[in-house]
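The values are calculated or read from the model by the stated rules, or taken from the named source; none is laboratory data. Computed from a predicted structure; not experimentally measured. FYI the Cβ positions are ideal-geometry reconstructions off the backbone, even for glycines, and counts take in every protein chain you see.
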Amino acid sequence: MRTDNFKKELEKIRDQIINDSKDNLAKEGKTGKLYESIEGTPVKKNKDGYSFEIKMEDYGLFQDQGVKGADPSKVKGGDKAIRGQQAPDSDYEFGSGNMRGTFDDFAKSVGDWAKRRNFRLRDEKGRFVRGTYETIGKIIAGNIYNRGLKPSLFFTNAFEKAQKDVSGKLENALKLDTEKMIEISTKK
């Protein structure tokens with residue numbers, strides 16, 4: 001049986017998830033490497049039905065689900081509300097040893113991020129203080145490492161939104177494909 005409408009509907013669902021994920025990131029002001037990396041594979045037929053994948057940078061999963069901090073008690077100063085665990089329910093945790101990379105690599109990438117945004121450190125009186133972007137990277141990375149990374153749910157929310165309508169849309173597409181098949185069969 002030809003399933004052209006069914007396949008087209010799956011492509012629309014895939015594209016909706018991608019677009020909504022990107023919109024969610026854009027609302028947070030995150031339109032960089034992760035935003036640009038989100039893409040879908042073509043819808044393919046296999047022995048179990050149809051499938052597609054949505055791919056993105058590896059750290060997209062951490063941005064979406066959040067990461068538990070290694071030791072929130074090490075974070076000094078600031079509001080107590082932000083010193084606590086940022087993602088207590090996450091499956092991911094800094095310092096667990098499950099992912100590649102070192103703290104120095106992480107601190108360097110954070111320092112590079114700070115440099116691109118011309119981020120500068122200030123003292124209690126609001127005056128700029130000396131410090132290289134390497135130093136800034138280590139300070140911010142240490143804070144993130146210990147507090148964790150709050151979940152943004154940019155992908156999860158997009159996926160769940162698409163999932164609400166999926167069965168009705170796919171049923172309708174399958175109905176159209178079935179009607180087309182019956183129409184072709186009766187003409188023969």
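With (1) more than 19 Å from residue 150 (Cβ to Cβ); (2) in contact (Cβ under 8 Å) with a residue 12 or more places away in the chain; (3) part of a helix (DSSP H, G or I) as the list, and residue 36 as the residue in question, which single condition is left unmet?
It is condition (2) that residue 36 fails.
Could you tell me which residue of region 33-74 is farthest from residue 110 (Cα to Cα), considering only residues that are surrounded by 19 or more Cβ atoms within 10 Å (Cβ to Cβ) and in contact with a Gly (Cβ under 9 Å, 6 or more places away or on another chain)?
Looking at the filtered set, the residue picked out is 38.
Every residue in region 123-156 that is assigned to a loop (DSSP other than H, G, I, E, B) and either hydrophobic (A, V, I, L, M, F, W, C) or in contact (Cβ under 8 Å) with a residue 24 or more places away in the chain (or both), please.
Within region 123-156, 129, 150, 151, 152, 153 qualify.
What's the number of the condition residue 135 fails, among (1) surrounded by fewer than 16 Cβ atoms within 10 Å (Cβ to Cβ); (2) in the same structural domain as residue 36 (by TED's automatic domain parsing); (3) not basic (Lys, Arg)?
Checking residue 135 against (1) surrounded by fewer than 16 Cβ atoms within 10 Å (Cβ to Cβ); (2) in the same structural domain as residue 36 (by TED's automatic domain parsing); (3) not basic (Lys, Arg), the one that fails is (2).
So residue 73 passes all but one of these: (1) out of contact with any Ser or Thr (no Cβ under 9 Å at 6 or more places or on another chain); (2) hydroxyl-bearing (Ser, Thr, Tyr); (3) not in a helix (DSSP H, G or I). Which condition number does it fail?
(3)
Tell me which of these residue 87 doesn't satisfy, since it passes every other one: (1) in contact (Cβ under 8 Å) with a residue 60 or more places away in the chain; (2) in contact with a helix residue (DSSP H, G or I) (Cβ under 6 Å, 6 or more places away or on another chain).
The single condition residue 87 does not satisfy is (2).
Name, by its number, the condition in (1) closer than 12 Å to residue 162 by Cβ; (2) among the acidic types (Asp, Glu); (3) free of Cβ contacts under 8 Å to residues at least 60 places away in the same chain that does not hold for residue 20.
For residue 20, the failing item is (3).
Go through region 25-62 and count every residue that is closer than 25 Å to residue 100 by Cα, touching a strand residue (DSSP E or B) at 6+ places or on another chain (Cβ under 7 Å) and modelled with pLDDT under 95.
Here the count works out to 1.
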